[in-house]
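All remarks here apply to the structure that follows.
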Amino acid sequence: MTTGGSNFWSSGSVPLIEPEFLSSIVAAASDIALVVSAEGTVLSVLLNAQDDSFGNLSHWEGRPIVDFLTDESIEKFQGAHDAYTSGGTLKKSIELNHADNAVWQYPVRYTFHRFGQENAVLLLGRDLRPIAETQQQLVQAQIALEQGYEARREFDSRYRVVMSNVDDAVVFVSVQTGRVDDANERAATLLGLKREALTGATFASLFSDRSGAELTESLMNATLSEDAGPVSVRATRTRQTLALQPIVFRAAGQRMLMCRLSGNTPAADTSDTPINHAAALFRATTDSVVFMDPRGVILSVNEAFLDLIGAAHLREVVGASLADFMARGQIDMGVLLDNAAKAGQMRIYASRMVNDLGARVPVEVSAAQLEDPTNPAVALIIRDVSRMGGVRDADASGTGHLPDPGSNVMDLVGTASLKEIVAETTDVVEKMCIETAVNLTRNNRVAAAEMLGLSRQSLYVKLRKFGLLSKNG
């Protein structure tokens with residue numbers, strides 16, 4: 001190609017470049033550029049002038065490049081370099097971790113390029129430290145968020161314990177709406193309602209002798225006066241005269257009343273819980289319950305677990321390893337036992353159980369380490385979720401219809417060709433696999449990409465494609 005009779009673009013689509021300018025252009029096009037001989041010796045090092053984080057690397061020249069690679073990167077480089085020098089073409093870049101005098105390490109993504117010198121290769125590298133730092137910041141933010149959730153759950157648990165065991169009957173009422181925000185069992189007994197029915201009810205409707213505005217005004221006046229006595233009311237259901245002692249406070253920008261109720265009839269004592277309730281739950285629950293030792297050997301199971309795996313007798317299960325009934329075997333077992341040993345419990349772990357016919361059933365597993373120095377054990381609750389996908393998808397979408405074509409793939413048979421059906425469901429299967437990998441790795445997208453055999457960039461593209469970035473990010 002010529003322009004105005006000149007041969008400026010005579011070298012294909014790239015103009016001819018003067019040798020004295022080539023090094024600066026190569027350095028500007030990458031963060032670091034290396035010229036490596038066929039023997040693996042660094043012939044030249046070029047650094048981007050805009051990036052001084054690499055320091056002075058002139059001492060690399062004339063030395064083998066493997067001297068400046070970490071152990072896991074040496075084999076990776078040698079394989080790629082041998083393939084390239086023998087005439088092959090590397091379609092993908094490789095990521096190498098550099099080390100210099102064991103003082104610092106940094107990752108670089110290299111692409112291989114032919115060079116004018118005999119058997120020499122030009123490596124153009126892109127510094128991955130900014131990406132690694134961003135990922136680390138995201139991980140730290142996720143950890144901080146999880147810690148905040150855990151702290152909130154801890155305070156909520158303490159609040160529930162106090163409400164359940166305090167001797168007083170307590171009701172929390174919103175001053176703005178006049179409705180019951182929360183109450184304990186003792187208050188529900190005094191008012192003749194169940195606690196679930198009490199929550200959300202209009203507080204004044206629980207009494208026969210007070211209107212809503214009058215009751216709220218009386219309670220607020222009682223909180224303002226230092227010598228005011230309790231507010232006397234008559235319960236609608238129990239016909240009992242009760243005394244209300246209010247305390248006003250502000251929470252989440254709204255004023256709340258905490259009312260202590262007292263009457264002539266003592267609240268029922270619910271502290272004595274039958275010991276056999278736990279055993280009855282173990283036998284009657286539809287969820288599978290498994291007790292195993294710290295090595296994963298099954299000690300006891302309930303009937304629901306036998307139904308889940310299709311075992312006819314208890315002796316077929318007790319004494320066997322739980323890994324024998326899990327789709328990923330020792331991988332699943334290691335995750336459950338490690339989390340139970342470190343944190344004492346594991347809330348939800350998605351996996352699959354394998355029955356004696358080879359069918360795989362999706363399940364959610366919760367694990368807890370039982371504190372028994374004499375007979376240590378790990379307890380598992382396993383829930384069959386094979387029929388819950390449609391319900392959860394309907395709840396998430398706000399409609400009663402399943403959002404993805406995989407839910408009615410059988411209906412497509414007879415109305416479309418096999419090729420069209422497979423094309424229709426490919427995205428669904430891909431989305432399910434990506435969601436499963438992200439959930440199994442607890443939203444660690446680097447680990448999820450490795451599990452799926454994808455690059456991190458490809459995983460982000462697919463997360464964005466299926467609208468999963470905001471869901472899991």
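No lab work stands behind these numbers, since they all come straight from the coordinates. It should be emphasised that the depicted structure is a prediction, and the values quoted were computed from it without experimental measurement. Because the Cβ atoms are built from the backbone with ideal geometry, glycine has one as well, and the counts that use them run over all protein chains shown.
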Convex hull volume per residue in cubic angstrom - Cα atoms of region 156-221:
98
Percent of C-alpha pairs per 10 Å bin, region 414-473, short to long:
23, 48, 19, 10, 0
Taking 0.36 nm per residue of separation and subtracting the Cα-Cα distance, what length does fully extending residue 338 through residue 278 add?
19.0 nm
Between residue 120 and residue 154, what is the label-to-label distance in nm when each label sits 7 Å out along the Cα-to-Cβ direction?
6.1
Classify region 166-262 as rounded, prolate or oblate from the Cα gyration tensor: take a ≥ b ≥ c as the square roots of its eigenvalues, call it rounded if a/c is under 1.5, otherwise prolate when a/b beats b/c and oblate if not.
rounded
Taking 0.36 nm per residue of separation and subtracting the Cα-Cα distance, what length does fully extending residue 140 through residue 374 add?
80.4 nm
Förster-model FRET efficiency, 56 Å R0, residue 360 and residue 67, C-beta, rounded to 0.05:
0.70
Taking the Cα centre of region 166-262 as origin, work out the dipole magnitude from +1 charges on Lys and Arg Cβ and -1 charges on Asp and Glu Cβ, in debye rounded to 20.
300
Determine Rg/Rh for region 23-127; Rg is computed over alpha-carbon atoms and Rh is the Kirkwood hydrodynamic estimate from the same atoms.
0.92
Pair residue 345, residue 422: separation of 7 Å Cα→Cβ label points (nm):
4.7
Hey, fewest Cβ within 10 Å first, where do 353, 163 land in order?
163, 353
What is the extension gain from residue 147 to residue 111, computed as 0.36 nm multiplied by their sequence separation minus the C-alpha to C-alpha distance, in nm to one decimal?
8.9 nm
Nearest-0.05 FRET efficiency for residue 249 and residue 214, computed from C-beta distance (R0 25 Å):
0.70
One-quarter of the Cα convex hull surface for region 272-364, in nm²?
6.7
